[in-house]
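The values are calculated or read from the model by the stated rules, or taken from the named source; none is laboratory data. Keep in mind that what you see is a predicted model, and the values were worked out from it rather than measured. Glycine gets a Cβ as well: all are built from the backbone with ideal geometry, and neighbour counts include every protein chain shown.
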């Protein structure tokens with residue numbers, strides 16, 4: 001199972017939100033590039049970069065920061081946040097991101113999603129299924145769709161998507177544990193590679209996710225607050 005630290009960017013800082021609330025960010029670093037190098041040195045398999053300002057439609061530009069991270073680490077970097085056109089997806093992939101994480105576009109413009117899948121292949125496209133109260137949320141978790149998460153997963157898999165980032169908004173940033181029920185069901189879909197996000201707080205959570213069949217886990221608050229370390233996680237997962 002891949003262990004992937006998240007670096008969430010807001011106003012030039014590395015932050016974490018609780019349940020997606022942008023009004024109360026916890027700031028963990030004012031140097032995103034240094035943070036990226038820290039997680040690489042600690043043994044991360046990849047880095048998950050989220051431009052929260054782009055997600056929320058704000059004007060702050062994190063492009064150069066993200067490019068600096070891509071250029072200064074040797075592990076794969078996946079980029080998400082506000083990627084709502086094929087052109088934007090192509091921009092990041094051509095700039096060196098290993099993958100892009102697409103959310104709103106996948107639900108509002110299926111043709112655009114198919115275009116980027118055809119151009120770049122399913123290994124470089126990940127679709128975010130963010131959900132609350134059993135509905136997929138888009139536009140920075142501000143707008144509900146009519147789709148249930150597992151139904152959305154099935155539709156997108158049929159459209160050719162193979163990689164999915166599933167986030168329980170109710171658990172994100174809470175350290176309350178992952179939504180194992182939904183993740184187990186998602187991992188059973190043939191051909192789907194599920195990456196889990198939201199609520200991970202301990203080595204036991206990682207063991208449960210591994211047994212559930214997820215491909216990887218996005219790790220945030222638990223890492224930043226020292227609840228677990230990548231080294232300890234790696235040793236336990238190797239047993």
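Let's see how each residue does on (1) farther than 26 Å from residue 183 by Cβ; (2) free of Cβ contacts under 8 Å to residues at least 24 places away in the same chain; (3) more than 14 Å from the chain's Cα centre (by Cα); (4) in a loop (DSSP other than H, G, I, E, B):
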position	(1), (2), (3), (4)
3	no, no, no, no
6	no, no, no, no
21	no, yes, yes, yes
24	yes, yes, yes, yes
28	no, no, yes, no
38	yes, yes, yes, no
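When 227, 207 are checked against the criterion of being out of contact with any strand residue (DSSP E or B) (no Cβ under 8 Å at 6 or more places or on another chain), over 25 Å from residue 84 (Cβ atoms) and either assigned to a loop (DSSP other than H, G, I, E, B) or modelled with pLDDT of 95 or more (or both), 227 stands alone in meeting it. Here are some conditions: (1) out of contact with any strand residue (DSSP E or B) (no Cβ under 6 Å at 6 or more places or on another chain); (2) touching a residue at least 12 places away in the same chain (Cβ under 8 Å); (3) at negative phi. Residue 57 meets all but one. Which one does it not meet? Unmet for residue 57, out of (1) out of contact with any strand residue (DSSP E or B) (no Cβ under 6 Å at 6 or more places or on another chain); (2) touching a residue at least 12 places away in the same chain (Cβ under 8 Å); (3) at negative phi: (3). Listed conditions (1) under 27 Å from residue 9 (Cβ atoms); (2) buried (at least 17 other Cβ atoms within 10 Å of the Cβ) are all met by residue 157, apart from (1).
Condition check ((1) assigned to a helix (DSSP H, G or I); (2) farther than 24 Å from residue 5 by Cβ) across all residues:
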site	(1), (2)
140	no, no
151	yes, yes
166	no, no
171	no, no
181	yes, yes
191	no, yes
201	no, no
211	yes, no
214	no, no
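In the range 67-102, what residues are part of a loop (DSSP other than H, G, I, E, B) and closer than 21 Å to residue 143 by Cα? Answer for the range 67-102, where residues must be part of a loop (DSSP other than H, G, I, E, B) and closer than 21 Å to residue 143 by Cα: 81, 82, 83, 84, 85.
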